[in-house]
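**Q** Before we start, here is the structure in question, set down as structure tokens.
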Amino acid sequence: MSTVETSRSGSVAVVRFGEPPVNSLGLATRQALAAAISAAIADPGVSAIVLAGRNGTFSAGADIKEFATGGMITAPNLHDVIALVAGSPKPIVAAIEGTCLGGGLELALGAHYRVAVATAKVGLPEVKLGLLPGAGGTQRLPRLIGVENALNVILSGEPVPAKLFAGSALFDALVNEDPAGAATTLAAAKAGELAGKAPPRARDRSAAGPLVEPLLGFARTTAGAAYAAYPAPLKIIDALEAAATQSFEDGLATERQLFAELMVTPVSRALRHAFFAERAASKIPDVPESTPVRPIASAAIIGAGTMGTGIAINFLNAGIPVFLLEVGKEALDKGVARIADTYAGQVKKGRLKPADAEARGKLLTPTLSYDDIGGADIVIEAVFEDMAIKEKVFTTLDAVMKPGAILASNTSTLDLDRIAAVTKRPGDVVGTHFFSPANIMKLLEVVRGKATAPDVLATTMKLARTLKKTAVVSGVCDGFIGNRMLEQYLRQALFLVDEGADPAAIDAACEKFGFAMGPFRVSDLAGNDIGWHIRKRRALEHPDVVYSKIADKLCELGRFGQKTGGGWYDYKPGDRNAYPSKVVADLIAAHRQAIGVTPRKVSSREIVDRLVFALVNEGAHILAEGIAQRASDIDIVYLTGYGFPVFRGGPMCYADEIGLYAVALRMRELARNPYGDPGFWTPAPLIERLAASGGSFNSAGARP
Ligand SMILES: NC(=O)c1ccc[n+]([C@@H]2O[C@H](COP(=O)([O-])OP(=O)(O)OC[C@H]3O[C@@H](n4cnc5c(N)ncnc54)[C@H](O)[C@@H]3O)[C@@H](O)[C@H]2O)c1
């Protein structure tokens, strides 16, 4: 079926365009649209044209796949189509409903009149991809709603309801329903009024005004400070200045130039990479989208601790009833109280209606008996991180759960295949590694055991979407994708302390690089005891792995972080700020002396290179082993779960941007440092191979 169809209502041609789901403006649609509009203009029986989207929506904009292929510039490009619309001698009315975003809104801005459903969402989200609206949006929108409103719309990138612009020149009419019908009536009336005169165009209006310059000056200062790492906001302001100070044609040329400059920035590349990476993460090559899924209408959670309660909240928020099971009444009551407190806090902050909190609470059934939970569609185990306990729990689950129930474990480090092996249904066992706080963090590592059935995986990925999580598939290994890489990052962080960098300097370098928080502040927040327990286990399992002992010494002082009032930093009650600690400074000085290290000055560059390349090297091993399906999945893990700067696209994208040849070279340079683990900086074979061939992690063929 063609992507465009034209019908007639009297002398008005109604052109409906687009393919489901969002009527994006890819080449086929543009071609058909241009042909339909040209035909309507040429048809002597047509007096006016209505432009409407099919599928109950206008258009979500450009076909983003064309960003990658360059197809967006193939004629007729969006500029060509908009110029055809704007230059039509017959009035064209855009009929807007659903979403009207990006290129979709720019197309509507090219029309002579616009009619919208009051609740339709309009916006220009290009800034989120490090770009600006490049098809006239920065020039037409300020002419219709003023520079200040246009600044807000374009800088935020957020979709807003059409009714916010009631009374502005953006909309000629707002309706509650049938925008195409209202647009047809308006089109017929305007054709009569104009009687052959040229219809009005946005370009003929002015965006100039006495307050524009001071406003833009203020915006530059604010945007420069708030989005220092991002080039798009300042260029958006430049484009709006052009709208107010240049002719329309010159303004369009300025917009085009600024757009082209942004397209080639590493930040825009990184943001576009992240956009595609998130979509790719939900795909599993050998589990097609047609794989049937099991219904999930109820859940059970074993263990009402930190994670169990957080996971329960996710289900309750999604309207799925949850059984919460504990070993003892006290722990169960504590867990239930934690869930109630979370909802009470949200109600107090006005984020949740009391009635909704109550409804969610009613979906929770606390229990001490496995007899209650057998009918649940999925059970998620979140008990202590201890293999013997988990094996016991799974043996019981195997006995009590109905056939077809999914048996999931929230283990962060243990072997899922061993857990699955204690059941008679290893195909039903999957890992669901939530991150803490589980009701807030977006990331979910879905751990695929060697026996996990395809429909169990497909169901878990679908469930992740229901719970509003970003799921990434990981194979079985100690720490899965995220924590396995983090371990190398943390080893380097502690070696850096041994050698002379203070925790505050390391955190500052990481935060300047763009991390939400440096490793020591994160550790104080999460609890230094967690890593301590893991290191103790590792020391038994892998006695050969070299570690700095400084973190253990800190824990021996009981300095577990914020929860104990002190960790790498000091904390004051009711104050989240981290203060330098004299105790820690003395501890570090004594430690360096004890290991015979004379502290040296470590540059911020060395700090960042060592921490980030530690992630990259382990990421390369993870990719080569097939633990991660693709490099971009690793990036998503770090962007959504570990506060890696989004504008750098994730560790693997960052390494690709530098070039793997340069990364390998730097690793060999770092290997010359005699301190620490002598084998640490041997580049992973995958890095060596890609460096030699000029390849990259995120290009095809990165996998062995
Ligand atoms: N805390 C984190 O940051 C985090 C993050 C990701 C994954 N995990 C994993 O999640 C799991 C739970 O961790 P947590 O931090 O919530 O621990 P926690 O100590 O806060 O809670 C564990 C709960 O399990 C209960 N429990 C113990 N044995 C049980 C049994 N046999 N039956 C029923 N309940 C039992 C305990 O009473 C306790 O309430 C662990 O496997 C851990 O590795 C933790």
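**Q** Looking only at segment 503-546, count every residue that is closer than 23 Å to residue 675 by Cβ, in contact with a Phe, Trp or Tyr (Cβ under 9 Å, 6 or more places away or on another chain) and part of a loop (DSSP other than H, G, I, E, B) and tell me the total.
**A** Residues in segment 503-546 being closer than 23 Å to residue 675 by Cβ, in contact with a Phe, Trp or Tyr (Cβ under 9 Å, 6 or more places away or on another chain) and part of a loop (DSSP other than H, G, I, E, B): 1 in total.
**Q** Evaluate the following for residue 144: is it surrounded by 19 or more Cβ atoms within 10 Å (Cβ to Cβ) and in contact (Cβ under 8 Å) with a residue 40 or more places away in the chain?
**A** Taking the combined requirement at face value, the residue does not satisfy it.
**Q** Cβ-Cβ below 7 Å, separation at least six or inter-chain, first residue in segment 307-329 and within 17 Å of residue 434 (Cα to Cα) and open to solvent by less than 50 Å² (accessible area, probe 1.4 Å), second more than 8 Å from the ligand (Cβ to nearest atom) and among the basic types (Lys, Arg): which pairs?
**A** Within 7 Å, the pairs are 309/338; 316/360.
**Q** Right, here's the next one. What do you reckon, is residue 244 more than 14 Å from residue 126 (Cβ to Cβ), outside any helix (DSSP H, G or I) and among the aliphatic types (A, V, I, L, M)?
**A** Here the answer is no, as residue 244 does not meet what is asked.
**Q** Looking at residue 454, is it without any contact (Cβ under 8 Å) to a residue 40 or more places away in the chain and more than 18 Å from residue 278 (Cα to Cα)?
**A** Criteria not met by residue 454.
**Q** Kindly indicate which of 312, 344 is within 25 Å of residue 411 (Cα to Cα) and either away from the ligand (no atom under 13 Å from the Cβ) or modelled with pLDDT of 95 or more (or both).
**A** One residue alone meets the criteria, 312.
**Q** Find all pairs meeting these conditions: Cβ atoms under 6 angstrom apart; at least six residues apart or on different chains; first residue within segment 35-56 and touching a residue at least 12 places away in the same chain (Cβ under 8 Å); second residue polar (S, T, N, Q) and open to solvent by less than 40 Å² (accessible area, probe 1.4 Å).
**A** Close Cβ pairs satisfying both conditions: 41/88; 50/184; 53/23; 53/59.
**Q** Oh, and also: Wholly within segment 411-478, which strands (runs of 3 or more DSSP E) include no fewer than the required count, namely at least 1 residues that are more than 27 Å from the chain's Cα centre (by Cα)?
**A** Once the strands (runs of 3 or more DSSP E) in segment 411-478 are filtered for at least 1 residues that are more than 27 Å from the chain's Cα centre (by Cα), what remains is 429-434.
**Q** Give me a count of the residues in segment 440-469 that are within 13 Å of the ligand (Cβ to nearest atom) and either open to solvent by 40 Å² or more (accessible area, probe 1.4 Å) or among the aliphatic types (A, V, I, L, M) (or both).
**A** The qualifying residues number 5.
**Q** Could you check residue 188 against (1) buried (at least 21 other Cβ atoms within 10 Å of the Cβ); (2) touching a Ser or Thr at 6+ places or on another chain (Cβ under 8 Å) and say which number it fails?
**A** (1)
**Q** Ok, one more. If only one of 648, 689, 610, 592 is touching a Leu at 6+ places or on another chain (Cβ under 7 Å) and not small (Gly, Ala, Ser), which one is it?
**A** Result: 610 is the single residue among 648, 689, 610, 592 that is touching a Leu at 6+ places or on another chain (Cβ under 7 Å) and not small (Gly, Ala, Ser).
**Q** I'd like the full set of residues that are touching a residue at least 24 places away in the same chain (Cβ under 8 Å), open to solvent by 40 Å² or more (accessible area, probe 1.4 Å) and away from the ligand (no atom under 15 Å from the Cβ), limited to segment 405-424.
**A** Passing the criteria: only 424.
**Q** Taking interchain pairs and intrachain pairs at least six residues apart, which have beta carbon atoms under 7 angstrom, with the first residue in segment 182-194 and hydroxyl-bearing (Ser, Thr, Tyr) and the second surrounded by 21 or more Cβ atoms within 10 Å (Cβ to Cβ)?
**A** Sorted first by the residue in segment 182-194, then by its partner, the pairs are 184/12; 184/14; 184/50.
**Q** Report yes if residue 23 is at positive phi, surrounded by fewer than 17 Cβ atoms within 10 Å (Cβ to Cβ) and under 28 Å from the mean Cα position of the chain (by Cα), otherwise no.
**A** No; evaluated as a whole, the condition is false for this residue.
**Q** Scan segment 232-269 residue by residue and report those that are open to solvent by 40 Å² or more (accessible area, probe 1.4 Å) and under 22 Å from residue 645 (Cα atoms).
**A** Hits for segment 232-269 are 234, 235, 261, 263, 264, 266, 269.
The values are calculated or read from the model by the stated rules, or taken from the named source; none is laboratory data. Keep in mind the model is a prediction, meaning the values are calculated, not measured. Every residue, glycine among them, receives a Cβ derived from its backbone with ideal geometry; neighbour counts consider all protein chains shown. Each accessible area value is taken on the protein alone, full model and side chains, heavy atoms only, with ligands, DNA and RNA left out. Shrake-Rupley method; radii C 1.70, N 1.55, O 1.52, S 1.80 Å.
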